[in-house]
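**Q** Below is a structure I'd like to ask you about.
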Amino acid sequence: MKFTDLPQNLKKEIFKLYILKGDDNFVIQSAIKHISNACGNEMGDFNKSFFNDENFSSEKVKEACLMLPIGNDRKFVLIKNVLKLSEAEKTNMLEIIKELPQTTTLVIVYNDAWKFLKDGEIVDCGKLGNDILSKYILVEASKSNKKITQEAILQLISLCNNNMTKISNELKKVICYCDNEISSEDINEIVEKDNEYQIYELSENLGKKKTLESLKILTSFLQKKEPFQSIFGLISNHFRRIIHSSLSNLSNAELANMFSVKEYAIIKAREQSKYFSKAQLKNILEILEETDNMVKSGKMSAENAIYYLVFKILYC
């Protein structure tokens, strides 16, 4: 189910197992809070158990899940940031899940270590839509007696690439900085652009052959002091998505699944493919392969590869 459907669903039924999937920590934390509150808060110290990489063991989880709640209807058990499980622990967890009593709700924050799970109510904790984010921004601004224009709201969402965690952090900065009304100019001046947003911005300017703008964006990106290998990977992966989405008949959802990205990334790739001809995209694919091989073989540093890639795409 979508995170936005979770509160209403909890009023109807509380499941024994929830698996929270997504890349927005703010949304994940909100989902945990909703489920925890639905389980009740009486005698919280006795009825709520938390496990992470430091204290996790399948035996301890089993003990927590089988223990009856005290003065409450349900026991709440949370597993978060457990990044590695042995085969024996995986087997034990499957048995624990199979035998979960009706009085226990187990919540697991998903990562690759939990790929073996086949059951459970999955909650999508990915990026939220503009309507939900806009309401959140308006409410938070009003709490501080600040007004914010609709243009500023949309600009904040865009620069933060719909990431609620980043929006929440950046909005606090903006509220502290501004006096009464928050404008889009304030947002542009204060908010740090999301990496993905800058990649989209860069690729669009490369497609429009705007050399100066492209270099300004690249310089701004590099000033964040992100690892060069990471930046090169972001640029390279986005252009691969542009190339594939322009040639493929698969749906946005199917391509997103193939590339293991959110559907929004494919939508942006398809939008930006219009700035490149088929011949250009073929050349760019060859440039990507060439540059990638040079980096992996040690013939070119990741830093030089970024500039090489950008100038090659500008003049292909």
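Readers should treat all values here as calculations from the given coordinates under stated rules, not as data from a laboratory. Fair warning: this is a prediction, and the values are worked out from it, not measured in the lab. Here the Cβ is made from the backbone with ideal geometry for all residues, glycine too, and neighbour counts use every protein chain on show.
**Q** Longest span of the chain, sites excluded, free of trypsin sites (Lys or Arg not before Pro) in DSSP loop with at most 15 other C-beta atoms within 10 Å?
**A** Working: sites that count: K84, K115, K118, K208, K209, K210, K224, K225, K299.
Longest gap between qualifying sites, sites excluded: 119-207.
**Q** Dipole magnitude of segment 3-124 about its Cα centre, charges +1 at Lys/Arg Cβ and -1 at Asp/Glu Cβ only, in debye to the nearest 20? Show your work: numbers first, answer last.
**A** Working: 16 positive and 19 negative charges, 38 e Å.
So the dipole magnitude of segment 3-124 works out to roughly 180 debye.
**Q** Any idea what angle helix 302-314 forms with the longest principal axis of the chain, computed on alpha-carbon atoms, 0 to 90 degrees, nearest 10?
**A** The answer is roughly 60 degrees.
**Q** Can you give the longest stretch of the chain with no exposed loop site, where a site means chymotrypsin sites (Phe, Trp or Tyr not before Pro) in a DSSP loop (not H, G, I, E or B) with at most 13 other C-beta atoms within 10 Å? Kindly include the intermediate steps, with their values, before the conclusion.
**A** Numbers: sites that count: F116, Y315.
Result, exposed sites excluded: 117-314.
**Q** Provide the percentage of antiparallel DSSP beta bridges, counting only those with both residues in segment 3-124; round to the nearest 5.
**A** Details: 0 of 17 bridges.
Of those bridges, close to 0 percent are antiparallel.
**Q** Right, here's the next one. What FRET efficiency, computed as 1/(1 + (r/R0)^6) with R0 = 45 Å and r the Cβ-Cβ distance, is obtained for S220 and D5, rounded to the nearest 0.05? Don't skip to the answer; put the middle values down first.
**A** Details: r = 38 Å, r/R0 = 0.85.
FRET efficiency, S220 to D5: 0.75.
**Q** Which whole-number percent gives the relative contact order of segment 130-190, counting Cα pairs below 8 Å spaced six or more residues apart?
**A** Values: 59 pairs, mean separation 25.1, N = 61.
Dividing the mean separation by the residue count of segment 130-190 yields 41 percent.
**Q** Same structure again: Kindly list the residues of segment 1-27 that lie in the label zone of K143, defined by a backbone N under 18 Å from the point 7 Å along the Cα-to-C-beta vector.
**A** Once the point is set 7 Å along Cα→Cβ of K143, 25-27 turn out to lie under 18 Å by backbone N, inside segment 1-27.
**Q** Using only Cα atoms and rounding to the nearest 10 degrees, what angle (0 to 90) does helix 278-296 make with the longest principal axis of the chain?
**A** The angle comes out near 70 degrees.
**Q** Let me have the 222 nm mean residue ellipticity of the chain computed from DSSP H runs of 4+ only, each contributing -39500 (n - 2.57), with the sum over all residues rounded to the nearest 500. Before the final figure, lay out the partial values.
**A** Numbers: 16 runs with 186 residues, N = 316.
-18000 deg cm²/dmol, from helical runs alone.
**Q** What is the angle, in °, between the Cα long axis of helix 228-247 and the longest principal axis of the Cα atoms in the chain? Nearest 10 is fine, range 0 to 90.
**A** Approximately 80 degrees, to the nearest ten.
**Q** In nm, what is the difference between 0.36 nm times the number of residues separating D53 and I267 and their Cα-Cα distance? Walk me through the numbers before you get to the answer.
**A** Numbers: separation 214, 0.36 × 214 = 77.04 nm, distance 3.60 nm.
Net length gain for the segment: 73.4 nm.
**Q** Can you find, among I217, I243, S30, the residue farthest towards the positive end of the dipole of the chain? Put +1 on the C-beta of Lys and Arg, -1 on that of Asp and Glu.
**A** Result: I243.
**Q** Write out the GluC sites (Glu not before Pro) in segment 1-95 meeting two conditions: DSSP loop, and at most 14 other Cβ atoms within 10 Å of their Cβ.
**A** Passing sites in segment 1-95 are E13, E42, E54.
**Q** Quick one: if the Förster radius is 51 Å, what FRET efficiency do N37 and M258 give, using the C-beta to C-beta distance and rounding to 0.05?
**A** Numbers: r = 37 Å, r/R0 = 0.73.
So the FRET efficiency works out to roughly 0.85.
**Q** At a Förster distance of 25 Å, what's the computed FRET efficiency of N188 paired with Y315, Cβ-Cβ distance as r, to 0.05?
**A** On the way: r = 30 Å, r/R0 = 1.18.
It comes out at approximately 0.25.
**Q** Something else: List the pairs from K193/K274; K262/K296; K135/K268; K84/K278; K80/K193 whose alpha-carbon separation is above 32 Å, in the order I gave them. Mind showing how you got there, number by number?
**A** Values: K193/K274 24 Å; K262/K296 27 Å; K135/K268 24 Å; K84/K278 44 Å; K80/K193 28 Å.
Flagged as over cut-off: K84/K278.
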